[in-house]
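Worksheet for the structure shown next.
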Amino acid sequence: MHYITIGTTFDQDFVWETYNDLLKRAIIVVEDNMRNEQFDIALFCSELGVSRAKLFLKIKEWSNCTHNEFILYFRMKRTSELLMQRTINSSQISQEVGFKNPKYFSKYFKKKFGLTPLEYSNKFIFS
C-alpha cells in the first residue's frame with residue numbers, strides 16, 4: 001500500500017492493520033471455500049471485494065506466487081494436516097480440499113512433495 005501523507009505523521013500501524021486485514025480475509029475466504037470444487041479466482045475476488053488485478057498484485061506481494069498457487073498452498077496445508085490425522089483416506093481428503101478427481105489430487109501431491117499421500121501419511125507412523 002502506498003500512502004502519501006502531507007502535513008501529518010505517517011501512521012504505520014494503520015497501514016499494517018489494513019494490509020494484514022486483507023491478507024487475513026484472503027486466507028479466511030480460501031479456508032471457507034476449501035471443499036468447494038467450484039472455487040475459482042472470480043469467486044475469490046468477489047468474496048474479497050477486489051478486482052482480479054488487485055488480487056493478483058496483493059498475493060504476489062504477500063507470497064511471491066500466483067493466486068492459484070496461493071489457493072493450492074492452503075489446500076496442501078490442509079491435506080498435510082488430514083494425512084497426519086489418518087482418520088480418512090486419500091479419496092476423501094481430495095474431496096475435503098476441493099479436488100474433483102482423486103487421481104489428479106494424488107498426482108499433484110506427489111509432484112509437490114515427492115511422495116504419494118499414503119507414503120506421506122506412513123512417514124508419520126514410522127518416524
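Each reported figure results from applying straightforward, stated rules to the coordinates on display, with no laboratory input. Please read all numbers here as calculations on a predicted model, not as lab measurements. Every residue, glycine among them, receives a Cβ derived from its backbone with ideal geometry; neighbour counts consider all protein chains shown.
Show which lysines lie in cross-link reach of residue 24 when reach means a straight Cα distance below 19 angstrom and same-chain residues fewer than eight apart are skipped. Qualifying lysines at Cα under 19 Å: 54, 58, 60, 77. A simple spin-label model places the labels of residue 86 and residue 115 1.2 nm from each other, with each point 7 Å out along Cα-to-Cβ.
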